[in-house]
Structure formats: C-alpha cells, structure tokens
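The values are calculated or read from the model by the stated rules, or taken from the named source; none is laboratory data. All values derive from a computational prediction rather than experimental measurement. Cβ placement follows ideal geometry from the backbone for every residue including glycine, while neighbour counts extend to all protein chains displayed. These accessible areas exclude ligands, DNA and RNA; they are computed on the full protein's heavy atoms, side chains included. Shrake-Rupley method; radii C 1.70, N 1.55, O 1.52, S 1.80 Å.
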Amino acid sequence: MTVQEALNRGRDRLRTGGIERAGHEARWLMAAALNVGPERVILHLQDQLEDGAANAFTQAVVRRLAREPVSHILGGRWFYDHWFKVTPDVLDPRPETETLVKHALAEPARRVLDLGTGSGCILLSVLSKTPQAQGMGTDISPLALAIAAQNAGALGCSDRVSLLQGDWFSNVEGRFDLILSNPPYISRDEMAALAPDVRKFEPHLALTDGADGLTAYRRISGAVRDFLNPGGRVLVETGVGRADIVSTMFRSAGLADVTVHPDLTGRPRIVEGRNPP
C-alpha cells in the first residue's frame, strides 16, 4: 500500500467518524508516522508505506476516532511559532490564545507573570520575543509545572523563568510590568456541552471552576493591582459572553484603560487593563 492509499483510507475513516478536519488531521498523523513534517508528506505519497509506519498511522487514527486530541497523539502542538509539549496534564493551546500573546507583546515588559501557566505556552511565547524579559509562571498543578519546565528548556528560556506551585497570587512576590492569564472560564453547567475531545481528555481543573466560570476573574481582579507596577498591564482570556462582565470587574478594581480585544473569529476574547500610574 502506498502512502497516498493509506492516507486516503485514514481520512475517510476520520470523516465517517465525524472528525471535521479529517483531511488535515490525517496528514498530521501520517507525518508523525513517517517522522517528517506535515508539509513533506506530499513528497512521499507514491512511496510504499512500511509496516511500522502503517501500524503507527492506523493506531493514531483509532485514537483520534476515540476523540483523543491530536496534540495528545502527537505529544505536542505548534503555538505562536513554537512546538510545545502537551499532555493530558495541561490545557491544549488554542489558536485564539495567540491573540492574548499578540496583545501582550504590544508594549515592552521586563517582568512578566503568567497565572495558571499550564504548558507555559503564553509565558514562553512572550519571553521568546522579548529576550530582555524575566518571567514567572504559577500553577496549582505540579504535573503542569513539570511540562512547563520542559517547554522552557526546549525554547532555551529556563534561565529566565521561575515556576511556582500556587493558587493564583499565592507565593508570588514583587511587582510586574505584565500579568497574563487564561484561567478556567467554563461554568459547571456548560461542561456537559463541551466536545468529547475536551471534556474527556483535558484537565477539568484548567477548564472549569466548578461554579459560574468567573471565580478566577474575581480572584485576579481583586488582587492584581498589588502586583502590577504603575502603568503595568493585565490581560486575560475570557469565554464567550464574559468579556463585558470581566471588564466591569477590572474597572471596579480601579484599573484604567480597560479594553476588549476580539479573537481571530471576531468574538470579544481578551480583556486588558492598566494599573494607573
């Protein structure tokens, strides 16, 4: 069987199984089986698929049909120009979160804090573009912090990053020019409606607060000014329909220049505020 024939069969199985981007995902899974980049699969389409690669591809398709995320099957995901290790212990980085990084980089910062850092994709993406900056990431999960540490090493940022186990601002000392967070914003009632890829395989601790989906924003807005330098900024990602609520929290906390930024689909997603000078 050629690579093309196997790829077509895998694509068709994924499509029949309800996977929306079946062709795209089949190509990624085949690339992993061949140990080449996805863009190079086309160069091997007429090659005979060796038994080892065929078995690896078939097993990957079966795992995806069980709704295991592609990032878990591959062991990572590209995010903001870098490959990040991803496991079931951390949130799978989403494209909309790149909007948070983009706006975080709009102004220079020398000290950056990422609350609930998970894989470290937000913090490390910012540090990779600002070599003069030092970063701190906090997370309540020691397993997540271990993944973040591995990603920091892979990106060559270990000497500029400190990782602390703690709940939001607990154990954090000092002040920062930039504070970032993509906190759990799915409410308890919304969890059942999540896609099985998310609900079954991603850490619930990173998805929901088990309440109304706003607990983290209350904690962050209530204390953030104690950790921001004068003129420093805070940016958080929010869920659908929550940007206005979080904006009100920021204004009530005394933050200035509160702004909502849309994500790649035009939905209000990122809320930004500034500590008055």
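Worth pointing out:
- Taken as a whole, the structure places Tyr185 among residues that are aromatic (Phe, Trp, Tyr), surrounded by 20 or more Cβ atoms within 10 Å (Cβ to Cβ) and either farther than 24 Å from Glu272 by Cβ or modelled with pLDDT under 95 (or both).
- Looking only at segment 174-199, and only at residues there that are under 18 Å from the mean Cα position of the chain (by Cα) and of a type in the set (S, T, N, Q), the one that is farthest from Leu235 (Cα to Cα): Asn182
- Residue in segment 153-167 that is surrounded by the most Cβ atoms within 10 Å (Cβ to Cβ), counting only those that are farther than 12 Å from Gly118 by Cα and among the hydrophobic types (A, V, I, L, M, F, W, C): Val161
- Looking only at residues of segment 207-229 that are of a type in the set (Gly, Ala, Ser) and open to solvent by less than 30 Å² (accessible area, probe 1.4 Å), we find that the one that is farthest from Gly135 (Cα to Cα) is Gly213.
- Taking first residues from segment 67-78 that are without any contact (Cβ under 8 Å) to a residue 60 or more places away in the chain and partners that are aromatic (Phe, Trp, Tyr), the Cβ contacts under 7 Å between residues at least 6 apart in sequence or on separate chains come to Val70/Trp28; Leu74/Trp28; Gly76/Trp83; Gly76/Phe84; Arg77/Phe84.
For (1) without any contact (Cβ under 8 Å) to a residue 12 or more places away in the chain; (2) under 22 Å from Gly222 (Cα atoms); (3) buried (at least 20 other Cβ atoms within 10 Å of the Cβ), each residue gets a yes or a no:
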| site | (1), (2), (3) |
| --- | --- |
| Gly120 | no, no, yes |
| Val126 | no, no, yes |
| Thr130 | no, no, no |
| Asp139 | no, yes, yes |
| Pro142 | no, no, no |
| Asn151 | no, no, yes |
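- Qualifying residue in segment 108-118 (condition: assigned to a strand (DSSP E or B), touching a residue at least 60 places away in the same chain (Cβ under 8 Å) and open to solvent by 60 Å² or more (accessible area, probe 1.4 Å)): yes
- Only listed residue being of a type outside the set (A, V, I, L, M), in contact (Cβ under 8 Å) with a residue 40 or more places away in the chain and closer than 23 Å to Arg77 by Cβ, chosen from Gly37, Gly23, Gly17: Gly17
- Test for Asp177: is it closer than 24 Å to Pro276 by Cβ, in contact with a Pro (Cβ under 9 Å, 6 or more places away or on another chain) and of a type in the set (Asp, Glu): yes
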